[in-house]
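In what follows, a structure is listed as structure tokens, so that the remarks can point back to it.
What follows is calculated from the coordinates using simple rules that are stated; it is not laboratory data. Treat the numbers as computed from the prediction; the structure is a model and nothing was measured. Ideal geometry is used to build each Cβ from the backbone, glycine not excepted, and the neighbour counts take in all protein chains shown.
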Amino acid sequence: MNSSYMEAQITPLGKPRMTQRDRWKKRPVVTRYHEYADRLREEADKQNFLLGEKVEINFFIPVPQSWSKKKKSANLGRPHKQRPDLDNLIKAVQDILMKEDSAIWKITAVKRWGVFGAIRIFNLK
């Protein structure tokens with residue numbers, strides 16, 4: 001039985017724009033993305049999770065260590081309005097967890113500040 005919910009304690013990354021050159025000369029952003037993809041796939045396999053055609057995705061971006069305690073606590077759970085862009089985060093999850101992402105017809109997604117990086121995905125009925 002496949003799970004309808006998945007949570008991964010992984011800091012979300014957006015899908016980078018890749019070029020042909022990245023096949024033989026990997027840029028650090030591409031290397032980080034491939035490591036992220038491997039970890040997310042591994043977590044989905046552990047939780048027996050398959051991405052459905054209607055999904056809700058919650059991205060939690062960790063608050064920067066450089067922020068004061070007051071600023072950190074004031075922003076926890078609030079909308080994250082900086083980079084990475086929400087559409088790049090969604091594209092990364094689709095490409096990582098599905099062979100053919102055209103099957104998805106509805107996505108609801110939010111990105112918020114969190115204590116640590118995490119991704120929560122719900123398959124909707």
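Worth pointing out:
- Over 23 Å (Cα to Cα) - which of Lys69/Lys111; Lys72/Lys111; Lys15/Lys72; Lys15/Lys99; Lys46/Lys69 fall in this group: Lys15/Lys72; Lys46/Lys69
- Calculated mean residue ellipticity, 222 nm, the chain: -9500 deg cm²/dmol, from DSSP H runs (n ≥ 4) at -39500 (n - 2.57) each, averaged per residue and rounded to 500.
- Annotation: extensible slack from Lys99 through Asp85 equals 2.8 nm (criterion: 0.36 nm per residue apart, minus Cα-Cα distance).
- Residues of type aspartates and glutamates that Lys71 reaches as a straight line, Cα spacing below 17 Å, ignoring anything fewer than 8 places off in the same chain: none
- Interchain or long-range residues, amide H under 5 Å from Lys111's placed H: Phe59, His80
- Protection proxy ranking of 21-30, 115-124, 81-90 - average other beta-carbon atoms within 10 Å, highest first: 115-124, 81-90, 21-30
- Square roots of 5 times each gyration tensor eigenvalue, C-alpha, segment 53-104, largest first, Å: 30, 10, 8
- Rounded if a/c under 1.5, otherwise prolate or oblate - segment 1-120, Cα gyration tensor axes: oblate
- Net length available on complete extension from Ala109 to His34 is 24.8 nm, with 0.36 nm assigned per residue and the Cα-Cα distance removed.
- Take every Cα pair under 8 Å whose residues are at least 6 apart in sequence, average their separation, divide by the length of segment 62-125, and the relative contact order is 52 percent.
- Theoretical FRET efficiency, 1/(1+(r/R0)^6), r = Cβ-Cβ of Lys25 and Ser66, R0 41 Å, to 0.05: 0.80
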